[in-house]
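Notes to accompany the following structure.
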Amino acid sequence: MASDTREGLLYIDGERCKGSAGSFPVEDPATGTVIGRAAKATAEDARRAVDAAAAAFPAWSKMPGPERAAILRRVADRIMARSEEIARVMTAEQGKPLAEARGEVRISADYFSWNGEEARRIYGDLIPASTNQKRLLVLRQPVGVTAAITPWNFPASMLARKIAPALAAGCTVVCKPASATPLTACALFDAMEEAGLPKGVANLVTGPAGAVVGAWMDDGRVRKVSFTGSTEVGKELMRGAAAQMKRVSLELGGHAPFLIFADADLDAAAAGLVMSKFRNAGQTCICANRLYVERTVAEELAQRIRHQVEKLKVGPGAQEGVEVGPLIDHEAVQKVHAQVQDAVSRGGRVLCGGHALREGAFAQGHFYAPTVVTDLPYDALVAREETFGPLIGLWPFDTEEEAIALANDTPYGLASYVYTQNLGRAFRVAEGLEYGIVGLNDPVPTVAQAPFGGVKESGVGREGGYEGVLAYLETKFVSMVL
Ligand code: NAP
C-alpha cells in the first residue's frame, strides 16, 4: 500500500473505527510531506476502549498461560510476516534508516515471542509455615486493565515492550502511541488482529494526550499505567496516578555517559561510540550524550571519532545507504543547535558538523549534521540536558574515580557505557555507575530477555526479562488453616 494513502483508525473491541474528533495529519520528517492521517480520539473514545478492555479481562486473565503463549507467538509471526510494510511505515513517519526500522520490527516480534514463553512460567510460592496447621501460598495475578503510553522514537518496539508482557501476565491493554508516529502502531495492531487476539484484549487509541490519557487517569478501572517518554510527563503521570494509587512503570529520559579508558580497544570504542550516539540520529533514550576519555588518548580518539562521523551518510531513511536520518521536527533541530551554540560560546571546539542541513535534498526536512564538540566546560548545556539529536560533547579525565564522578553527576540514570580491557576496572566502574544499564564494551545493550530501565529521574520499574512480566502482576498471599 502506498504510504501517502494510509489512514490510521482506532481499534476498539476488535473493531476499526474513526475518531470522534476527526483525524490529524502525519508528516514525513525527511520531506515535510503529509503521508497519511490518523484518527483523533476524544475522551469518550478513550473510555470506550477501557469498557472493551475491562469486558475482555475476565476471560483473558483466566485463559491458561500456554494458550496465551500460543497467541503471542502468532503475533510475533504476523509481525515478521508484515515486517517490510511495518518498517517502511516507520521510516516514513519517524525518519530512521530503513535498516534500523527493520531491526526494530525484529525486536518487536522478539518481545512477543519471548514474553509469550514467559506466560507459561508465572509461578506462585509455597512458603514454609510456622505451624503444621497452616499452609502459606503466594499467588501472582494480573494487575488488570493497563494503559500503555509510548513515544515516537521507537514507535513499534516501545509498544511491543509493554503490550507483550502485559498480555503474557493476563492483563488487557489500552494503548496511546505518540501523535508523531501513530501509523506504525496501526500496522502493529493489524498484525495482532491477524494473530487472532480476542476482541477487547488490546485496544488502540490515537489522538491528543490530554483527552485520551486524561480519561484513563481518571478511570478507576485502569489499574496500571506503563509510560515511556520524557521525565517531565513521567512525573506528571506519577502525581496523577497517586490519586487512585494506580501502579506505574516509567521509562523516562536518559543522559548516557560513555567512558573510554586508555587501556580500551580504541577501534572498538570509537566504532561503539558512533553507533551508540548516531543510531536513530541520536534520538534514543540510551544513546551516548557525554563522552569522557582518559586524557592520554583523548586527542587521538577525538580524531578517530571525527574521521568516522564525517563519513556518516545523512539523508532520508528510505534512501539506500543512509545511516543518519532526519530529526523528528523543527524544534528538535533547534534544540540541538542551541546546545552547539552554547558550547561554542563557552569556548567549545567543533570537531565536525555544528550546523543544520538545509540545502538541496535537505531543504524540506529536519536534518542536522552529526556533530562532535570538545574543549567545553562541564556545565555546558550538552552536559546537562538530554540532547536527543546527533551531537556529542567530549571531555578528558585523569583517574577512574574522576570518570565515575563525572558520569554520575546528573539527575538521570538510564544507560551508561564503559570501554576498558582491564577486568578489575570493568567491575569497579560498572558497580560504581548509578545507572540501570551498563554497556561494557557494548554499545547496544537492549534485548528482550534482560531488564531495561533507569534509576534516579530516569524512571521506575523494569521492562524486559522476567521482571518485565512481574511488573504486570500483583502478589496475593493466601494463609490457610487446614
Ligand atoms: P513525551 O513528550 O513525554 O511523549 C510521550 C508520550 O506521552 C506520547 O504518547 C505523548 O502523546 C504522551 N504525552 C505527552 N504529554 C502528555 C501528558 N501531559 N500526559 C500524558 N501523556 C502525555 O516524550 P517524547 O517526546 O514522545 O519522547 C522522547 C522522550 O522519551 C525522551 O525523553 C526519551 O529519553 C524518552 N524515552 C525513554 C525511553 C526509555 O525506555 N527510558 C525510551 C524511549 C524514549 P503526544 O505525542 O500525543 O503528545
Restricted to segment 288-332, and to residues that are of a type in the set (A, V, I, L, M) and closer than 22 Å to Tyr412 by Cα, which residue is farthest from the ligand (Cβ to nearest atom)? Val293
How many residues of segment 179-204 are within 21 Å of Arg78 (Cβ to Cβ) and in a loop (DSSP other than H, G, I, E, B)? The answer is 8
Could you grab me the full set of residues in segment 132-178 that are assigned to a helix (DSSP H, G or I), within 15 Å of the ligand (Cβ to nearest atom), closer than 18 Å to Val213 by Cβ and not basic (Lys, Arg)? Met158, Leu159, Ile163
Could you give every pair whose Cβ atoms fall below 6 Å, whose first residue belongs to segment 240-266 and is part of a strand (DSSP E or B), and whose second residue is basic (Lys, Arg) and within 16 Å of the ligand (Cβ to nearest atom), counting only separations of at least 6 or pairs across chains? Arg247/Lys224; Pro257/Arg290
From Gly220, Gly240, Gly214, Gly234, which residue is away from the ligand (no atom under 16 Å from the Cβ) and either surrounded by fewer than 22 Cβ atoms within 10 Å (Cβ to Cβ) or under 24 Å from Ala38 (Cβ atoms) (or both)? Gly220
Being assigned to a helix (DSSP H, G or I), buried (at least 16 other Cβ atoms within 10 Å of the Cβ) and in the same structural domain as Tyr466 (by TED's automatic domain parsing), is that true of even one residue in segment 118-128? yes
For Glu104, are the conditions met, namely being in a helix (DSSP H, G or I), in contact with a Lys or Arg (Cβ under 7 Å, 6 or more places away or on another chain) and modelled with pLDDT of 95 or more? no
Segment 405-439 - residue that is polar (S, T, N, Q) and closer than 20 Å to Trp395 by Cβ and, of those, surrounded by the most Cβ atoms within 10 Å (Cβ to Cβ): Ser416
Among the residues of segment 400-441, write down those that are free of Cβ contacts under 8 Å to residues at least 40 places away in the same chain, assigned to a strand (DSSP E or B) and farther than 22 Å from Thr231 by Cβ. Leu440
Among (1) within 16 Å of the ligand (Cβ to nearest atom); (2) assigned to a helix (DSSP H, G or I); (3) hydrophobic (A, V, I, L, M, F, W, C), the one test that Ala343 misses: (1)
Residues of segment 30-53 satisfying the condition of being surrounded by 24 or more Cβ atoms within 10 Å (Cβ to Cβ) and within 10 Å of Val205 (Cβ to Cβ): Ala39, Ala41, Asp45, Ala46, Ala49
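The values are calculated or read from the model by the stated rules, or taken from the named source; none is laboratory data. Since this is a predicted model, take the numbers as computed values, not measurements. Cβ coordinates were reconstructed from backbone atoms using ideal geometry, including for glycine residues, and neighbour counts include every protein chain displayed.
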